[in-house]
Amino acid sequence: MSRRGTRTIKIDTLARVEGEGALYIKMAGDRVADVKLKIYEPPRMFEAFLRGRHCSEAPDITARICGICPIAYQMSALHAIERALGIQIDPAVRLLRRLFYCGEWIESHVLHVYMLHAPDFLGYQDVIEMAKDHRPLVEKALRLKKIGNRIIQLMGGREIHPISAAVGGFYKTPSRHQLRELRGDLEWALETSLETVRWTSSLPFPDFEQDYEFVALRHSGEYPLNEGRLVSNRGLDIDAAEYEDCFAELHVKHSNALHSVVRGRGSYLVGPLARFNLNFDKLPEVARKAAIDVGLRPPVKNVFRSIVVRAVELVFACREALGLIDQYEPPNTPRAEAPNRTGVGQAITEAPRGILYHRYALDERGLIVTAKIIPPTSQNQRRIEDDLREYAAYLYACPLEEATWKCEQAVRCYDPCISCATHFLKVVVEREPNSWS
Amino acid sequence: MNSETKRKGSKSTRPRIGVFKFASCDGCQLSLLDAEDELLGVVGAVEIAYFPEASRAMLKGPYDIGLVEGSITTHHDAERIQEVRRKCKTLITIGACATAGGVQALRNWKDVDEFIRVVYATPQFISTLKLSTPIAEHVPVDFELRGCPINKYQLIELISATLAGRKPNIPTYSVCMECKRKANVCIAVARGIACLGPVTQAGCGALCPSYDRGCYGCYGPMETPNTASLTSQLRILGQSDEQISRGFRSFNAWAWQFRHASEVGKGT
């Protein structure tokens, strides 16, 4: 292939992501002239129709933004509203929320590692095809996923859009006995997660490192889920209330999702890689050791290794869930009283794919005056484009079909949830002669 | 890539299924992947020919069964659903978005242009319709599976029934029936909690009343719901017309029975 050659890669629909989008890469010779991650998922405008709803409805309404990570939406909404209303939650409620979130991390990470991303590394179109050659592996993955879902089901009634989370706590809390019944499954899940770390680390990774600004929550005593300050490897250290001062959302023509940037700096990365790099010391011993044993130490700058980091986070989530179950004593009341009053509250929690920011302003009747929601995928969107600009150039000598698949795989490293960022990916890579300008 | 060629050229005689997405949260199609115990059995019995959330192998139609998630909110989607209908022998809509317009149908009472200005800095970049509408307002639909989200066991029952050419066993009675079967004490009667159970179709297993909260209508209106009677009961429980209206306006707000019921206190 000549350096001046023209070639066009087109994929109408990028698969195995949640939602609808397209990717467009224009090459001029071996130079990448333009990268656009186009999100054509129709806008659903949650922030607008939340206005005038009662704050107690926000967790159920915002859960409907995403069927993959509804708990993340419920958690960010609840913490923001509780902050606006000045509610202190019971320590047992705090524990249960962490456990609830562990269930979602397990379900979502297993879905991504085995069903959405692994087929790329092994050259299968999908997990169904992968199951033909690797049936025991896929069966194991399904069982593992089911254990995450079982936690959610027990606590929230159902896996998708669970119904128990309430402002101030839960509508109903589980008994100790009910939680203890999960122990056996979780012990198996912990072992299987450790195997997952070893298995994912044996996959082939391209030699592709970038200089990222990693952004994640950091908490003094634990690996972050619901709480912490927002920090980065470039000196950011803020409270959720300062988020909008430090980050800007840009509206670009090619996308129905807004792009986030760090003010004065640019793109940044949120999600497993950022959490791992910024909170390695907070991982439980078993997860840290599993990472070290496969040669994974912070800073991990190769985004393709996110699949291994997700597996390490699976170890964390299983270990954490076991610990939480052992410590659990039911709260005296399932939820704290929620007064109606004016207030503004912000919260950030760690969705499986990265930080999720919510802000609500409430009036004296507890009705929502304004709402702002910034999902992880819109925060990663610009970073995905930056990666592809480098990666497409790196793949210049690669046959066209292979390069296209690899670009898709690179997008999937971020586990993008386009349903969240507004939704399906279409990839078009155009390679044009140098005359293009 | 070999695999793709192999699949394209496959002479499979299994029924072909396509999964299509419009404006939605992805949760209902995820229900298929969440059927962990049944998934490998299901994919053994059918050919998943088009399911972009799960596979990059996207086979051309026609499809024996098309599962459609999501509502119609853009001009482009209004055209796309026509094409999807042409390619599917049996077309099944899954979930509240596809059967009732979804939570995004809350825009139908508002000025959409103002909505867009609230969310987007440059409104002229956004193309959207004034209404979010269910699939059946655009094309004939063979079966509508309710729920926000759908019940995965009902989905499997529906696929099995369709393949076997029999009527699916999916009840259209109310959530109250499920509560009675679970021997739940009625939370509305005993504890005065506002509950949409009497007018909402069963399917969830009466989850909310089992978790000490009122039903909030995920499965939409049951067959012949008496919303007027429920409205007077809710008033007795101390709910304001505004609260009652909000209750009917959630994930199935545009289903006509709930739509009318939500006009409470406005001359009706």
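Taken together, the values in this text are just the output of simple stated rules run on the coordinates, not laboratory data. Since the structure is predicted, the reported quantities are computational estimates derived from the model, not experimental observations. FYI the Cβ positions are ideal-geometry reconstructions off the backbone, even for glycines, and counts take in every protein chain you see.
Per-residue ellipticity at 222 nm from helix content only, as computed over the protein assembly as shown with -39500 (n - 2.57) for each DSSP H run of at least four residues, stands at -11500 deg cm²/dmol.
For chain B, modelled as a GNM whose springs connect Cα atoms under 10 angstrom apart, the maximal fluctuation among B:ALA136, B:ALA49, B:ALA190 occurs at B:ALA190. Summarising the label geometry, the points placed 7 Å from Cα in the beta-carbon direction at A:SER56 and A:GLU285 lie 4.6 nm from one another. Summed over all non-identical Cα pairs, the Kirkwood treatment of the stretch B:175-261 gives a radius of 12.7 Å.
In order along the stretch B:208-224, phi translates into HN-Hα couplings of 4, x, 6, 10, 6, 9, x, 4, 10, x, 4, 8, x, x, 6, 5, 6 Hz, rounded to whole numbers, per the Karplus curve 6.51 cos²θ - 1.76 cosθ + 1.60 with θ = phi - 60° and x for Gly and Pro.
Annotation: amide H-H contacts under 5 Å for A:PHE247 (H modelled 1.01 Å from N, sequence separation of 5 or more, or interchain): A:ARG263. GNM, chain B, Cα, under 10 Å: largest mean-square fluctuation among B:GLU79, B:GLU53, B:GLU36? Looking only at B:GLU79, B:GLU53, B:GLU36, the largest GNM fluctuation is found for B:GLU36. Given R0 = 22 Å, the distance between the Cβ atoms of B:ALA45 and A:GLU187 translates into a calculated FRET efficiency of 0.05. Stokes-Einstein diffusion for the protein assembly as shown at 37 °C, viscosity 0.692 mPa s, with a Kirkwood radius from C-alpha pairs, works out to 128 µm²/s. Couplings for the stretch A:97-114, taken from phi via the Karplus curve 6.51 cos²θ - 1.76 cosθ + 1.60 with θ = phi - 60°, read 5, 4, 5, 4, 5, 4, x, 5, 4, 5, 4, 6, 5, 5, 4, 6, 4, 8 Hz in order; Gly and Pro are left as x. Nearest 0.05, what FRET efficiency do B:LYS130 and B:HIS260 give at R0 = 22 Å with Cβ-Cβ as r? So, using R0 = 22 Å, E works out to roughly 0.65.
Spin-label model, B:GLU114 to A:ASP245: label points 7 Å out along the Cα-to-beta-carbon direction sit 3.2 nm apart. Other residues lying with their Cβ under 14 Å from the Cβ of A:THR342 contribute a combined charge of +1, Lys and Arg counting +1, Asp and Glu -1. Pairs exceeding 23 Å between alpha-carbon atoms, taken from A:LYS145/B:LYS152; B:LYS180/B:LYS266; A:LYS26/A:LYS406; B:LYS21/B:LYS130: B:LYS180/B:LYS266. Per-residue Karplus couplings for the stretch A:199-210, computed as 6.51 cos²θ - 1.76 cosθ + 1.60 with θ equal to phi - 60°, are listed in order as 5, 5, 5, 8, 6, x, 10, x, 8, 9, 10, 10 Hz, Gly and Pro entered as x. Taking amide H as placed 1.01 Å from N in the peptide plane, B:GLY101 has its amide H under 5 Å from the amide H of B:ILE135, each at least 5 places away in sequence or on another chain. The distance between label points at B:VAL189 and A:ILE238 comes to 5.5 nm (points 7 Å beyond Cα on the Cα→Cβ vector). Once the convex hull of all Cα atoms in chain B is built, its volume per residue stands at 153 Å³. Legend: ranking of residues A:LEU179, B:LEU106 from fewest to most surrounding C-beta atoms inside 10 Å; resulting order A:LEU179, B:LEU106.
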